[in-house]
Amino acid sequence: MLLATALLIIGLLLVVYSADRLVFAASILCRNLGVPPLIIGMTVVSVGTSLPEIIVSVAASMHGQLDLAIGTALGSNITNILLILGVAALLRPFTVHSDILRRELPLMLFTSLLAGLVLFDGQLTRSDGLFLLLLAVLWLVFIVKIARLAEKQGNDSLTREQLAELPRGGSLSVAFLWLGIAIIIMPMATRMVVDNATVVANYFAMSELTIGLTVIAIGTGLPELATAIAGVRKGEDDIAIGNIIGSNIFNITLVLGLPALITPGTFNALAFTRDYGVMVLVSAIFAVICWRRRQQAGKLPGALLVGGFIIWLAMLYWVTPRLTG
C-alpha cells in the first residue's frame, strides 16, 4: 500500500513535469514558426494549464475508468477555485484588472452550465464528446480573436503579464529535446497514476470517482497552484486568475470530452447529483469575487474558500459514505 501511494505521488509529479516541458517546447516551436507571442500565451499556454488533467483523463478512459476521468474534470475545477484561489488570496490580496477576464468569466459559467446537459442522464456518449470538443474549438477561436484585439490596443494587463511570462530563450534543438523527453515520460507517468490510483481506491474502499475528485485533482492542479502563488506574489493577479478560468473551461470541454469519445458509457450518478452542483456553485462564487472592480479579495475570502474545500473533502470522505452505506 505504501509503495502504491508513493508511486501514485511520483507519477503525478512526473505528469506535471512532463506537461510543463511539453508546453515549454511547444512555445519555442511556435515562436520559431512565427506565431505571435500573444497568440502563444493565449492558446498553447492556456491549454497547457489543463494538460496534466487531460493526460490522466485520457489514460483513465483508455483503461475503462470513466469515473476516474470525470472525477478528475469536476474535482480539478472545484480544487482550482476553493484550494488554489483560496491559498493565493491568503498569501496576498488580489484584484482583477483585465477587461479580457471579465469577458471570459460569463463564458466559464456558461460552459459549466452546459456541462449539466452532458451529465444529467448519467452517461457520456460520443455525441457528448463531439459537443464538448466543439465548445473547446469555439473557445480557442474566441481567445485568439481577443488576443489579436488586445495586441492592437496594447492596454490590457492580462496580455502584458502573459507576454512577460513566455519563455524567451531556446532553439529548435532545445525544443525537440524537451519534446522527446516529455513524450517518453508521459506514458509511463500516466500508467503509474492510473494503476496506483486503482490500488489506493481498492485498499481504502473508495470509489474511482472520489479518487479523481481529490487525489488526482489536487495532484494535477499543482501547475495552477504554482502559477497562482507566483502570480500574486509578483503582483500579476490577472495571469493567476486567467489560468484558473482557462483551466476550468478546458477541464469541462477537453477533460470530459476526450473520454466521452474514447470510452462512452455510464458513470457514477453522484458525479451529477452531488459533484456537478458543487462545481457550479463554486464557479458562481469565483465569478462574483473576481468581477468586483477595484475591490481586493484578501484573507477573509481566502479563508472561506479554503474552509469550503475542507468541508467538501469531509463531505466526500465522511458524510457521503455514511449516507450511502
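The values are calculated or read from the model by the stated rules, or taken from the named source; none is laboratory data. What you are looking at is a predicted structure, and each value in this text was computed from that prediction instead of being measured. No Cβ is skipped: glycine too gets one built from the backbone with ideal geometry, and neighbour counts run over all protein chains shown. Ligands, DNA and RNA are excluded from the accessible area calculation, which covers all protein heavy atoms including side chains. Shrake-Rupley method; radii C 1.70, N 1.55, O 1.52, S 1.80 Å.
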Test result for residue 83, touching a Gly at 6+ places or on another chain (Cβ under 6 Å), part of a helix (DSSP H, G or I) and over 22 Å from residue 141 (Cα atoms) | no
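Residues are listed down the side, and each one gets a yes or a no for (1) among the acidic types (Asp, Glu); (2) in a helix (DSSP H, G or I); (3) touching a Leu at 6+ places or on another chain (Cβ under 8 Å):
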site	(1), (2), (3)
177	no, yes, no
187	no, yes, no
194	no, yes, yes
200	no, yes, yes
205	no, no, no
211	no, yes, yes
216	no, yes, yes
Only unsatisfied item for residue 243, checking (1) modelled with pLDDT of 90 or more; (2) not in a loop (DSSP other than H, G, I, E, B), is (1)
Being under 26 Å from residue 289 (Cβ atoms), open to solvent by less than 20 Å² (accessible area, probe 1.4 Å) and touching a Leu at 6+ places or on another chain (Cβ under 7 Å) narrows it down to one of 119, 74, so name that one.
-> 74
Please indicate, with yes or no, whether at least one residue in segment 221-231 is more than 30 Å from residue 125 (Cα to Cα), in contact with a Lys or Arg (Cβ under 8 Å, 6 or more places away or on another chain) and open to solvent by 20 Å² or more (accessible area, probe 1.4 Å).
-> no
Quick one: is residue 67 assigned to a helix (DSSP H, G or I), open to solvent by 20 Å² or more (accessible area, probe 1.4 Å) and either within 18 Å of residue 15 (Cβ to Cβ) or in contact with a Gly (Cβ under 7 Å, 6 or more places away or on another chain) (or both)?
-> yes
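Listed here are the residues, each with its yes/no results for (1) over 16 Å from the mean Cα position of the chain (by Cα); (2) modelled with pLDDT under 80.
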| residue | (1), (2) |
| --- | --- |
| 5 | yes, no |
| 40 | yes, yes |
| 44 | no, yes |
| 48 | no, yes |
| 83 | no, no |
